[in-house]
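Have a look at the structure below before the remarks.
No lab work stands behind these numbers, since they all come straight from the coordinates. Just so it is clear, the model here is predicted, and its values are computed rather than measured. For neighbour counting, all protein chains shown are included, and Cβ atoms are generated from backbone atoms with ideal geometry for every residue, glycine included.
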Amino acid sequence: MRHSRILPAVAVVAALALVVAALPGTAVASDVPALRAAGTVRLVLPEPTGPHRIGTVALHLVDRSRPDPWVPEETVRELMIQVWYPARDVRRFPRAPWVSPALAALINPAGSGVVLPLTHAHTGAPAAPGHRPVVLYSPGFGVERTASTALVEELASHGYIVVTIDHTHDSPLVEFPGGRVATSAVPPPTGEPGEEERLIAKALAARVADTRFVLDWLAAPHRTLPNGLWQSMDQRRIGMVGHSLGGATAAETMLVDRRVKAGANLDGSMSGRVLTAGLDRPFLLMGSDGHGDADETWVAFWGVLRGPRHQLELRDSGHMSFTDYQVLLPQAGIPPADLVESLGTIEGGRSVRVQRAYLLAFADRYLGGRRGTLLDGPSTAYPEMRFLP
């Protein structure tokens, strides 16, 4: 079986240089045109709709219990995470950039005429008081932690604490404090039988271990966090969402770690032991147009889910619609015909609004204690969302 909803898509690469090839391991930079535009174009992320202002902080974590799975010479596993949270006061705290400086230089070299977006979050702002659910986010294979910032900020603006994870050497580039950069170490494909399955299994195991380490780290108080942030984390209400392989990571983490109470997969094929073992806790499958009907791993996974389950399909969308590229690439002047394969034909802003509504409804029902009715069946407010099966 080919993991078509796990491995990155070529069409987006030609625009942003973050999703690097149809198979992992392809070099990131030289073969991929960066953003170009006539004049200056300022890219803008959609405004979050919740009542809370947002703070954010990027953190460097070191797991000394294991070597790096991709570069064994690195005797400890280093990660970058970013926490997004409701803020008490954002005055005097600058808005955070969408990506780190090294990544910005890679995807948008000087003279391109494009200005990458700022987020709506303020770096280091003190946390708003409250006891809040925590949601972990894992990106797609070969993609960085900021890929779905529009969805992450929406959750944070509605009262959730969201922790995004960079999976080092799986991501094309991870920038550590001081400007040190770790690049992709995924081996180039050789065409051997079963190679793709072995690669996905290795990446999945590394990502699950990363996630569980992050959970352990979050459980202990830390002075490195902004004022009031650790105290506001409700360790009993933890969920996880991921795009592509990140969605499979969410499910597999739930299988081995009961601290994660609910999970969501955004258009990723399922993989791992969870395909036969199943889950007894709430899970959301949200796919692109035609995914639910075509992916046998979703069919198998659906049959072994024993808890509350939801399967949705966003009409006219593509695999990368569940990332910020849905809105940023059209703003950059990329011809729509070049984006159909990866982003579909749905209008980007509308795509984000629909996704936000259903992801928030899922989080509210199973983590936030707010029932709502949006997940009960089709809505005239969001006709683009199809309920399956």
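Once fully extended, how much extra length lies between Glu73 and Gln235, figured as 0.36 nm per residue of separation less the alpha-carbon to alpha-carbon distance? List each step's numbers first, then the result.
Numbers: separation 162, 0.36 × 162 = 58.32 nm, distance 3.41 nm.
Stretched out fully, the Glu73 to Gln235 stretch lengthens by 54.9 nm.
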Consider all pairwise Cα distances in the stretch 208-345 and report the whole-number % of them above 19 Å. 56 percent
Could you derive backbone 3J(HN,Hα) for the stretch 376-389 from the dihedral phi with the Karplus parameters 6.51, -1.76 and 1.60 (θ = phi - 60°), listing whole Hz in sequence and x where the residue is Gly or Pro? 7, x, x, 10, 5, 6, 9, x, 6, 9, 9, 8, 10, x
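May I ask you to derive the FRET efficiency for Glu347 and Val304 from their Cβ-Cβ distance with R0 = 35 Å, giving the value to the nearest 0.05?
Working: r = 36 Å, r/R0 = 1.02.
The pair Glu347/Val304 has a calculated efficiency of 0.45.
Taking the Cβ of Gly372 as the centre, find all other residues whose Cβ is under 11 Å away and add up their charges (Lys, Arg: +1; Asp, Glu: -1). Please report the intermediate quantities before stating the final value.
Details: positive: Arg365, Arg370, Arg371; negative: Asp364, Asp376.
Net charge in that neighbourhood comes out at +1.
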DSSP bridge pairs, the chain: antiparallel proportion in percent, nearest 5: 45 percent
Can you work out the base-10 log of I(q)/I(0) for the stretch 32-140 at q = 0.09, 0.18, 0.21 1/Å, using the Debye formula on its C-alpha atoms alone? -0.35, -1.06, -1.16
Please report the orientation-averaged projected area of the chain, defined via the convex hull of its C-alpha atoms, in nm². 18.1 nm²
With x for Gly and Pro, the residue-by-residue ³J(HN,Hα) of the stretch 308-325, computed from phi through the Karplus equation 6.51 cos²θ - 1.76 cosθ + 1.60 at θ = phi - 60° and given in whole Hz, is x, 9, 9, 10, 10, 9, 8, 4, 6, 9, x, 4, 8, 5, 8, 10, 5, 4
So, over other residues within a Cβ distance under 11 Å of Val134, counting Lys, Arg +1 and Asp, Glu -1, the net charge is +4
When Thr123, Thr373, Thr253 are ordered from fewest to most other Cβ atoms inside 10 Å of their Cβ, what list results? Thr373, Thr123, Thr253
Ranking Val83, Val57 by Cβ neighbours within 10 Å, fewest first, what do you get? Val57, Val83
Report ³J(HN,Hα) in whole Hz for each residue of the stretch 45-62, in order, from the Karplus equation J = 6.51 cos²θ - 1.76 cosθ + 1.60 where θ = phi - 60°; Gly and Pro get x. 7, x, 5, x, 9, x, x, 9, 6, 10, x, 8, 8, 9, 9, 9, 10, 10
From fewest to most C-beta neighbours within 10 Å, the residues Ser65, Ser138 line up as Ser65, Ser138
